[in-house]
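Please treat every number below as a calculation from the coordinates, not as lab data. The shown structure was predicted, so the numbers you read here are calculated from the model rather than taken from an experiment. We place every Cβ from the backbone using ideal geometry, glycine too, and count neighbours over all the protein chains shown.
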Amino acid sequence: MHILVAGGAGFIGSHLCERLLKMRHRVICVDNLKTGRAANLETAKKSPLFRFLKHDIRRPFTLRADYIFHLASYASPRHYQKWSVETLMTNALGSYHLLEIARHCRAKYLFASTSEVYGDPLHHPQKESDWGNVNPVGGRACYDEAKRFAEALTMEYVRKHGLNARIIRIFNTYGPRLQPDDGRVVSNFINQALRGSCLTVYGSGRQTRSFCYVDDLVEGMTRAAFYPRTCGQVINLGNPKEFTILQAAVLVGKLVDKPLRTKHLPLPADDPQRRRPDISKARKLLGWSPEVSLRDGLRRTIAWYRVDGRGK
Ligand code: NAD
Ligand code: UDP
C-alpha cells in the first residue's frame, strides 16, 4: 500500500512510519518540521520504501495514496498555545485537504484525535460516548476545539462521501523522541531529574493522567487502521492505569536514582483534573490493550534522554 503519514516526523508519527515500513508498506511522510525533527526519521530514511515531503498541510497539495494517517498537529500545551492559530488551521484546513485527497484517491483514513476532546471530564473513566466538557473560549480551546472540529469533519466525509475513515482518541503518550523541550510532564520531569533540579509540580499534583508507552499506542493505531469493522468508529487508545502527577514524579525520581525534590507551581487554567480511558471498545474491536508498565516505559524513555534527548 502507499501510505501518507501527515505529521510523520513527530514523536508518534516517526514511530508509526517505522512500523508501517516494517509491514512492507510504501510510506510518504508529509511534515512541516516545526515540532517534528529530521533526526526522528533517521531509521525510516534507510528504507527504500520511504519518502519525505516537507510541506505544510494548511496549503493544498496532491499525492496518490491508498491510506492516510493524519497526525499533523502541535500537541503539547506549550506548542499549541504558542502556535494557537496554526493549530486551529492545521486541524481545520489541513484536515480538509487530507480528506479531499482521501476522497479523490478513495483512500482509507485515520484521524489522530485526543482525549482533550473530553475536556475536564464529567464522567470517569472516559468513554467514546461521552460528549466532553470543554471551555470553547479558554486557553486550551485552540487544541480541544480544533480536534473536535476535525472529528466532525471526518464524520461528515464518512456520512456524505462514504469515506472509509476512523478516529482514534489518544491519551497521554510518552517514549523515546518525546520532545525534550515540549513542556509536557514526562519530558519536564525526566529533564529536571537528570539535571538534579526540582521537579515542577503544577497545582497540588493530585490531578491524574494515564500514560501510554508509544509502542503500545502504535500497535493500537495500526490495528485501528487495518482491522475490519473500524470504519466510522471512534476508539479510545491509552493506558487505563491512572497515576497522580505526584506519583509520576516519585517514579521518575526513583528511576533516575537522584533524591526527589519538587517545587509547586500554579496549575494552568482549564487543566483537566482526571483523565483515564475506558478502553473496552479497543479491547473488543481490536483485541488491544497496553502491555508496557509505566515503570518499564519510563526506564526506556530515560535511557533515550540520557543519550539522544538531553539538551535538545
Ligand atoms: P509532535 O508535535 O511530535 O508531532 C506532530 C507533527 O506534526 C510534527 O512533526 C509537526 O512538525 C507536524 N505538523 C504540525 N502542524 C503541521 C502542518 N500544518 N503541516 C505539516 N506538518 C505539521 O506531536 P505528537 O505527540 O507526535 O502528536 C502526534 C499526533 O497525536 C497529534 O495530532 C496529536 O494531537 C495527537 N496526540 C498526541 C498525544 C500525546 O500524548 N503525544 C495525545 C493525544 C493526541
Ligand atoms: N504538569 C506538571 N508539571 C510539569 C508539566 C505538566 O505538573 O512540568 C501537569 C499538568 O498541569 C497536567 C499534567 O501534568 O496536569 C499533564 O500535563 P501535560 O502537559 O503533559 O499534558 P496534558 O495536560 O495535555 O494532559
- State whether the residues of segment 148-168 include one that is within 8 Å of ligand 1 (Cβ to nearest atom), in contact (Cβ under 8 Å) with a residue 40 or more places away in the chain and touching a helix residue (DSSP H, G or I) at 6+ places or on another chain (Cβ under 8 Å). no
- Quick check: anything in segment 260-271 among the hydroxyl-bearing types (S, T, Y), in contact with a Phe, Trp or Tyr (Cβ under 9 Å, 6 or more places away or on another chain) and surrounded by 14 or more Cβ atoms within 10 Å (Cβ to Cβ)? no
- Query: Within segment 85-97, is even one residue in contact (Cβ under 8 Å) with a residue 40 or more places away in the chain, of a type in the set (S, T, N, Q) and more than 14 Å from R148 (Cα to Cα)?
  - Reply: no
- Query: Of all the residues that make up segment 103-157, how many are under 21 Å from N239 (Cβ atoms) and aliphatic (A, V, I, L, M)?
  - Reply: 3
- Query: How many residues, within segment 53-78, are among the aromatic types (F, W, Y) and farther than 17 Å from A150 by Cβ?
  - Reply: 2
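So that you can scan it fast, the table gives a plain yes or no per residue for (1) in contact with a Leu (Cβ under 6 Å, 6 or more places away or on another chain); (2) among the aromatic types (F, W, Y); (3) surrounded by fewer than 23 Cβ atoms within 10 Å (Cβ to Cβ):
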{"position": "M1", "(1), (2), (3)": "no, no, yes"}
{"position": "R26", "(1), (2), (3)": "yes, no, yes"}
{"position": "D31", "(1), (2), (3)": "no, no, no"}
{"position": "A38", "(1), (2), (3)": "no, no, yes"}
{"position": "R51", "(1), (2), (3)": "no, no, yes"}
- Message: Of all residues being within 26 Å of S95 (Cα to Cα) and near ligand 2 (Cβ under 10 Å from one of its atoms) in segment 174-205, which is surrounded by the most Cβ atoms within 10 Å (Cβ to Cβ)? Just the residue, please.
- Response: Y174
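Within segment 172-195, which residues are among the hydrophobic types (A, V, I, L, M, F, W, C) and within 14 Å of ligand 1 (Cβ to nearest atom)?
L178, V185, V186
Given the condition among the charged types (D, E, K, R), within 15 Å of ligand 2 (Cβ to nearest atom), surrounded by fewer than 22 Cβ atoms within 10 Å (Cβ to Cβ) and within 30 Å of N191 (Cα to Cα), answer yes or no: does some residue in segment 163-171 qualify?
Scanning segment 163-171 turns up no residue that is among the charged types (D, E, K, R), within 15 Å of ligand 2 (Cβ to nearest atom), surrounded by fewer than 22 Cβ atoms within 10 Å (Cβ to Cβ) and within 30 Å of N191 (Cα to Cα).
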- Does segment 64-83 hold any residues that are over 17 Å from the mean Cα position of the chain (by Cα) and either surrounded by 18 or more Cβ atoms within 10 Å (Cβ to Cβ) or among the hydroxyl-bearing types (S, T, Y) (or both), and which are they? A65, Y67
- Query: So is R206 part of a loop (DSSP other than H, G, I, E, B) and either within 17 Å of the chain's Cα centre (by Cα) or over 30 Å from A107 (Cβ atoms) (or both) or not?
  - Reply: yes
- Considering segment 99-147 alone, what residues qualify as being out of contact with any helix residue (DSSP H, G or I) (no Cβ under 7 Å at 6 or more places or on another chain), under 15 Å from P77 (Cβ atoms) and aliphatic (A, V, I, L, M)? A141
- Task: Considering only residues that are surrounded by fewer than 23 Cβ atoms within 10 Å (Cβ to Cβ), among the hydrophobic types (A, V, I, L, M, F, W, C) and away from ligand 2 (no atom under 15 Å from the Cβ), look in segment 95-153 and name the one that is nearest to R59 (Cα to Cα).
- Result: I101
